[in-house]
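Scroll down for the structure; my scribbles are underneath it.
The values are calculated or read from the model by the stated rules, or taken from the named source; none is laboratory data. Just so you know, these numbers come straight off a predicted model, no measurement behind them. Please note: Cβ atoms are built from the backbone with ideal geometry, for glycine as well, and neighbour counts cover all protein chains shown.
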Amino acid sequence: MKFFIDTANLDQIREANDLGVLDGVTTNPSLMAKEGIRGEENCKKHYVEICNIVDGDVSAEVIATDYEGIIKEGEELAALHPNIVVKVPCIADGIKAIKYFSQKGIRTNCTLVFSPGQALLAAKAGATYVSPFVGRLDDICSDGIQLIEKIVDMYAYYGFKTQVLAASIRHTQHIIQCIEAGADVATCPLSAIKGLLKHPLTDSGLATFLADYKKVNS
Ligand code: E4P
């Protein structure tokens, strides 16, 4: 399973990238706003900065919600860097735009997906990635991981090439559940990625190894 980091924060992107296990980055307008990035040109500069840090796919989301607007914005974003993936919301004009982009060879990430039906439309339109939002479903007492399982099964059954990118990951256990569900990618906050490292037996085992070494080497 590939790991993307879900942030627009450059320090966090660098830290995750330095671990050597990062495959890409996802952003959204809320994450960009959180970093205080405003204005079209500043957003574009920021996406290029991210692409210069990480050698992997970087999702940049369109703001337009009408077909012509999505096409114009998506083509501009795709022209910024070969690693840019145009992130498009799962609405009617978005699905039409994904079809257009896939025919033009522009890679896409269909976002704000909450049902197997939406994931089916994204795949039929030729999306490179589909982003089901695990945490936001869990927030409303629905089962986000079960949605991942259903989409993975549907895509395998029908042979769709669209990759399942589990989004809205909130904690480390979600990552493990995404692996078990067969997701192709999980996009995660840095804290959830770092959580994978934690085990008390690793800490106590290392302390014992170092103490034993010191006993005979000092
Ligand atoms: C990334 O592709 C999504 O926009 C993001 O994971 C949403 O996460 P949230 O539900 O924590 O805002």
Can you name the residue in the stretch 102-117 that is in contact with a strand residue (DSSP E or B) (Cβ under 8 Å, 6 or more places away or on another chain) and farther than 19 Å from TYR47 by Cα and, of all such residues, is nearest to the ligand (Cβ to nearest atom)?
LEU112
Pairs where the first residue, in the stretch 138-163, is more than 18 Å from ILE98 (Cβ to Cβ) and the second is of a type in the set (Asp, Glu) and at pLDDT 95 or above, C-beta under 6 Å, 6+ apart:
GLY144/ASP138
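Has the stretch 6-13 got any residue that is closer than 27 Å to LEU121 by Cβ, touching a residue at least 60 places away in the same chain (Cβ under 8 Å) and out of contact with any His (no Cβ under 9 Å at 6 or more places or on another chain)?
Initial filter on the stretch 6-13 (closer than 27 Å to LEU121 by Cβ): 6.
Pick out the ones that are also touching a residue at least 60 places away in the same chain (Cβ under 8 Å) and you get 6.
After this cut, where a residue has to be out of contact with any His (no Cβ under 9 Å at 6 or more places or on another chain) as well, the list is 6.
Yes - at least one qualifying residue is present in the stretch 6-13.
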Any residue in the stretch 191-207 that is under 18 Å from GLN12 (Cβ atoms), polar (S, T, N, Q) and loosely packed, with under 12 Cβ neighbours inside 10 Å?
yes
I need a count of the residues in the stretch 143-165 that are away from the ligand (no atom under 16 Å from the Cβ) and of a type in the set (Gly, Ala, Ser).
2
Test SER102 against the stated conditions and say whether it is among the small types (Gly, Ala, Ser), closer than 25 Å to ALA186 by Cβ and in contact (Cβ under 8 Å) with a residue 60 or more places away in the chain.
no
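Against the condition among the acidic types (Asp, Glu), touching a residue at least 12 places away in the same chain (Cβ under 8 Å) and buried (at least 22 other Cβ atoms within 10 Å of the Cβ), how does GLU61 come out, does it pass? Steps first, please.
On the way: among the acidic types (Asp, Glu): yes; touching a residue at least 12 places away in the same chain (Cβ under 8 Å): yes; buried (at least 22 other Cβ atoms within 10 Å of the Cβ): yes.
Yes, satisfied.
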